[in-house]
1. Run the numbers on the chain and let me know its relative contact order in percent, using alpha-carbon pairs under 8 Å that are six or more apart.
2. Taking every Cα atom in the chain, find the radius of gyration and the maximum pairwise distance Dmax, and write them in Å.
3. Can you give me the long-range amide H partners of ASP132? Hydrogens built in the peptide plane at 1.01 Å from N, cutoff under 5 Å, separation of 5 or more residues or another chain.
4. Equivalent-ellipsoid semi-axes (√(5λ), Cα gyration tensor) for region 56-113, whole Å, largest first?
5. Which residues make up the longest stretch of the chain that has no chymotrypsin sites (Phe, Trp or Tyr not before Pro) in a DSSP loop with at most 11 other Cβ atoms within 10 Å?
6. To check you understand DSSP bridge types, tell me what percent of the beta bridges within the chain (both residues inside) are antiparallel, rounded to 5.
7. As I understand it, the value is the acute angle between the Cα axis of helix 201-211 and the longest principal axis of the Cα atoms of the chain; what does it come to in degrees, rounded to 10?
8. Cα axis of helix 34-45 to longest principal axis of the chain: angle in degrees, 0 to 90, nearest 10?
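Here, each number is a calculation from the coordinates, and none is a lab measurement. Remember, predicted model here, so these are calculated numbers, not experimental data. With ideal geometry, Cβ positions are generated from the backbone for all residues, glycine too; neighbour counts draw on all protein chains shown.
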Amino acid sequence: MRFTDRHDAGRQLAERLLRLRDKNPVVLALPRGGVPVGFEVARALAAPLDLILVRKIGAPFQQELAIGAIAEGDTPELVIDPQLVALLEISPEYLEEAKSAALQEIERRRHAYLGDRQPVAIAGRVAIIVDDGIATGATVRAAARATRRRKPAQLILAVPVAPPHTLKALRREVDETVCLTTPADFFAVGQFYQQFPQLRDEEVIALLEQARAFAPSAQT
């Protein structure tokens with residue numbers, strides 16, 4: 001199964017979530033790639049679209065190899081792969097420096113994307129975490145744990161594509177998972193999209209502004 005682009009994936013994902021339209025849902029997208037997907041879900045559900053800001057923590061000299069991730073919050077949610085950290089002999093000092101740098105970037109993105117707007121209140125509501133796909137699951141795991149702390153009535157993870165073993169491991173972090181395709185032959189999220197460009201900050205900001213019309217009375 002391949003998607004034309006992230007908007008196409010979002011529209012297809014939204015069809016699986018329409019049953020939640022009357023349950024006062026909130027859509028939480030992981031930027032940047034999750035925002036176009038979340039935009040379409042929020043539009044279909046007439047729900048507010050907000051962000052859950054997470055940064056991957058990469059290994060020294062190989063930043064694409066995720067050894068963990070950190071999500072924003074009053075107490076930032078840090079997820080580390082202890083086996084990988086031990087295997088690569090990564091020092092506590094490196095982890096602390098990487099955590100600090102990730103939190104700085106999270107703060108920059110929140111200010112750039114949302115300015116002074118406060119996060120949408122999710123306590124007692126259905127919170128739907130959305131991304132354009134899952135690879136290792138580190139960022140989504142951190143996002144789920146950070147969102148759980150905000151006490152939603154129900155926590156749902158919704159993505160277009162994920163490898164089956166990763167999705168299975170993430171099921172214990174949420175109340176429900178919704179995934180359109182779980183291919184065993186999985187190398188990268190981008191292989192399941194015909195168009196998979198890197199999004200610019202300006203595109204994220206524009207989508208968030210447009211999405212404010214979906215739920216104008218939402219608490220922010």
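1. 27
2. Cα-based Rg and Dmax for the chain come out at 16.5, 50 Å.
3. GLY34
4. 22, 11, 9
5. Answer from the scan: 62-186.
6. Working: 10 of 29 bridges.
So the antiparallel bridges amount to about 35 percent of the total.
7. For 201-211 against the chain, the angle is about 30 degrees.
8. Once rounded, one gets 30 degrees.
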